[in-house]
Amino acid sequence: MSLNIIVLAKQVPDTRNVGKDAMKADGTINRAALPAIFNPEDLNALEQALRLKDLYPGSKVTVLTMGPARAAEIIREGMFRGADGGVVLSDRAFAGSDTLATSYALSAAVRKIGNFDIIIGGRQAIDGDTAQVGPQIAEKLGIPQITYAEEIISADNGEVVVKRRIESGVETVKAKMPLVVTVNNSAPDCRPRNAKALQKFKYAAVPSEVAADEAKKEFIEKRPYLSIGEWNAATVDADLAQCGLAGSPTKVKSIENVVFTAKEARRIENNDEELEALIVDLIANHTIG
Amino acid sequence: MADKNNLIVYCEYEDGKVADVSLELLTKGRQLANKLGIKLEAVVAGDNMKDIEKQILPYGVDTVYKFEDSRLYPYTSLPHSSILINLFKEIQPRIAFMGATSIGRDLGPRVSSALHSGLTADCTSLEIGDYTDVKTGKEYKDLLYQIRPAFGGNIVATIVNPDCRPQMATVREGVMKKEAVDSNYKGEIINKDVNAYTRPEDFVVEIIDRHVEKSKVNLKGSPIIVAGGYGMGSKENFELLQQLADTLGAEVGASRAAVDAGWADHDRQIGQTGVTVRPKLYIACGISGQIQHIAGMQDSSIIISVNSDPNAPINTIADYVITGKIEDVLPKLIKYYKKNSK
């Protein structure tokens, strides 16, 4: 039995390797100083989708992302690793979306894609760490969710069996499709790019990327598999009142750069006398020993 | 007529015990409810809940909504979501808290989506305050300030939900303090009919196997923690950290960067997205001190920072700062501890 799988992915700034120039003097984020990457847990999710595709030949994996047109980069990356195609959902109307407005827009895009069996996404994105969008999409689509997944074991007879990794241990659950599964980073890493796929999809693009280049445009038009979808709020029939800032119940009241109340730190020189004196002090006041 | 506009905490219940994180949230909830002059409520859903009120009421809970049914344990998303969605529609809480656990982070978003109420994940501080909408100029009194580090811990954001109710937030275990107010606190228990709040099709997700693993790591209970960050430089240097920990009888912790680098397991991660600790002594080795890490250890009694960068941000909250190479300093600390301890 072949499956229709949608992978939810996000292009995120790499917050894990933040250098000193990542913050501007006024306390805002200097996005230009941070490389944009495929959200790590979404790669874990993609791997689970590709494993299902291996297991159930003829299955189709579609990567869906919301962001600026440049987010097509991660769709291509997904295609290089084995996905069949993808869609970038992009509109100024989505700017300032909180998790609820984001899940509204994405669920509208999922409806537009239509006929799906499983939606798989990373548990959370590293720029927000909220883990909310997956379950909220499930709620908006009125389907079940399985979060904290480590392995999608099978998807037979309309039912998936999923292993979850939670604080207290491991749980194996069974649920009916369609459903949403969010994947932890304890799941296997994503496979690398495939040379053949790289060759095949090298020139895949969203329309706006090739708009100015007639030759490329024509090249892609002749090869539909190279065409990455580019949808906006109107394409997915989104109600603008539920999008972007207007559709976001949470508002950011203030953002502060972090300032710690400095303690008076004692400087210990890195030499034998001072280090030994410190240890002796800590033993004497029963902090250690 | 249901009592409305109060503060409610979703309490997790397992093996006859209410989760610590829920009791911590009740403690915080009581303080905020006092400030707002409203009641503190709790909702529990599970099985075999016998004397659960004895565990909950001492935290100053005025009303407990109890949903007892064998199908509610172990936790699955749909029935627990339906219970909260329908209960919240009925009692219209002003504020709702749940633990930022695998349960709360599964349940919270689903409930917030159904009610179109804002939810802020992993808050490190919750306060009450006013807010003026910059665009409309509209003023709001006594909103919940949901404060959390964001953007990988490089900034701290204060989030509010001006118009939607309940104002929802999740908080990790150990972030708030747990403190009962009165062992004889008088509160009301309301037993609820589970079938009136759930639908039969909510029970479609079936748990076919559950394997509980006891965590090998006990960071929360350890009086001494030796933690390493990205500045440790290698997995080999982490071994050095383990040696120091073994010598001092300490537990090894790690920053998120060190965990991401594969030098330490996830259950050793300290910080906003890991564990919050308050040990007697915290030795931070090669940890620069992103807010997301600081949020999880700043209440340690004594903090020693070992870092090759004399201007590492963590040094500003440290009691002792040792500037030097890890592979140079740690062996000396081990050596002098062995020499001077009895």
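Here are a few things to note about the model shown:
- A:A187 vs. criteria closer than 29 Å to B:V204 by Cβ, surrounded by 14 or more Cβ atoms within 10 Å (Cβ to Cβ) and within 23 Å of the chain's Cα centre (by Cα): yes
- Unique residue being more than 14 Å from chain A (Cβ to nearest Cβ) and in contact with a helix residue (DSSP H, G or I) (Cβ under 6 Å, 6 or more places away or on another chain) when the list is B:D69, B:D51, B:D62: B:D69
- Lone qualifier among B:A318, B:A295, B:A250 - being out of contact with any helix residue (DSSP H, G or I) (no Cβ under 8 Å at 6 or more places or on another chain), farther than 30 Å from B:R105 by Cα and of a type in the set (A, V, I, L, M): B:A318
- Residue, nearest to the chain's Cα centre (by Cα), within the range B:314-342, restricted to residues that are more than 7 Å from every other protein chain (Cβ to nearest Cβ) and without any contact (Cβ under 8 Å) to a residue 40 or more places away in the chain: B:I314
- Close pairs (7 angstrom Cβ cut-off, 6 or more residues apart or separate chains): without any contact (Cβ under 8 Å) to a residue 24 or more places away in the chain in the range B:242-262, β-branched (V, I, T) anywhere: B:Q242/B:V252; B:A245/B:V226; B:A245/B:V252
- Scanning the range A:190-225 for residues that are surrounded by fewer than 18 Cβ atoms within 10 Å (Cβ to Cβ), in contact with a strand residue (DSSP E or B) (Cβ under 9 Å, 6 or more places away or on another chain) and closer than 23 Å to A:D42 by Cβ turns up A:S208, A:Y225.
- Exclusive hit being in a strand (DSSP E or B), crowded, with 23+ Cβ neighbours inside 10 Å and either facing chain B (nearest Cβ under 7 Å) or not hydrophobic (A, V, I, L, M, F, W, C) (or both), set A:T172, A:T182: A:T182
- The criterion of at least 3 residues that are surrounded by fewer than 24 Cβ atoms within 10 Å (Cβ to Cβ), modelled with pLDDT under 90 and hydrophobic (A, V, I, L, M, F, W, C) is met by none of the helices (runs of 4 or more DSSP H) falling completely within the range B:226-307.
- With respect to the conditions (1) surrounded by fewer than 17 Cβ atoms within 10 Å (Cβ to Cβ); (2) modelled with pLDDT of 95 or more; (3) more than 30 Å from B:G129 (Cα to Cα), B:N5 lacks only one, and its number is (3).
- Residue in the range B:125-145 that is of a type in the set (V, I, T) and touching a Ser or Thr at 6+ places or on another chain (Cβ under 9 Å) present: no
- Residue in the range B:62-83 that is within 21 Å of the chain's Cα centre (by Cα) and of a type in the set (A, V, I, L, M) present: no
- The condition of being out of contact with any Pro (no Cβ under 7 Å at 6 or more places or on another chain), polar (S, T, N, Q), more than 7 Å from chain A (Cβ to nearest Cβ) and at negative phi holds for only one of B:S125, B:S112, that being B:S125.
- Entry remark, the range A:165-199: residues being among the basic types (K, R) and in contact (Cβ under 8 Å) with a residue 40 or more places away in the chain number 2 in total.
- Listed here are the strands (runs of 3 or more DSSP E) enclosed by the range A:202-289 that have at least 2 residues being of a type in the set (S, T, N, Q) and within 14 Å of chain B (Cβ to nearest Cβ): A:251-257.
- No other residue among A:N257, A:N271, A:N285 is surrounded by 13 or more Cβ atoms within 10 Å (Cβ to Cβ) and out of contact with any Pro (no Cβ under 9 Å at 6 or more places or on another chain) apart from A:N257.
- Taken over the range B:200-225, the criterion of being of a type outside the set (V, I, T), in contact with a Lys or Arg (Cβ under 9 Å, 6 or more places away or on another chain) and in a strand (DSSP E or B) is satisfied by B:E206, B:D209.
- Residues being more than 15 Å from the chain's Cα centre (by Cα) and either more than 13 Å from B:I8 (Cβ to Cβ) or surrounded by fewer than 24 Cβ atoms within 10 Å (Cβ to Cβ) (or both) - total across the range B:88-106: 6
- Residue selected from the range B:189-219 under the condition acidic (D, E) and more than 16 Å from B:E68 (Cα to Cα), by the criterion farthest from the other protein chains (Cβ to nearest Cβ): B:E201
- Test: residue in the range B:138-146 that is buried (at least 24 other Cβ atoms within 10 Å of the Cβ) and not assigned by TED's automatic domain parsing to the domain that holds B:T276: yes
The values are calculated or read from the model by the stated rules, or taken from the named source; none is laboratory data. Everything quoted here is computed from the prediction, not taken from an experiment. As a convention, Cβ positions derive from the backbone with ideal geometry for all residues, glycine included, and neighbour counts pool all protein chains shown.
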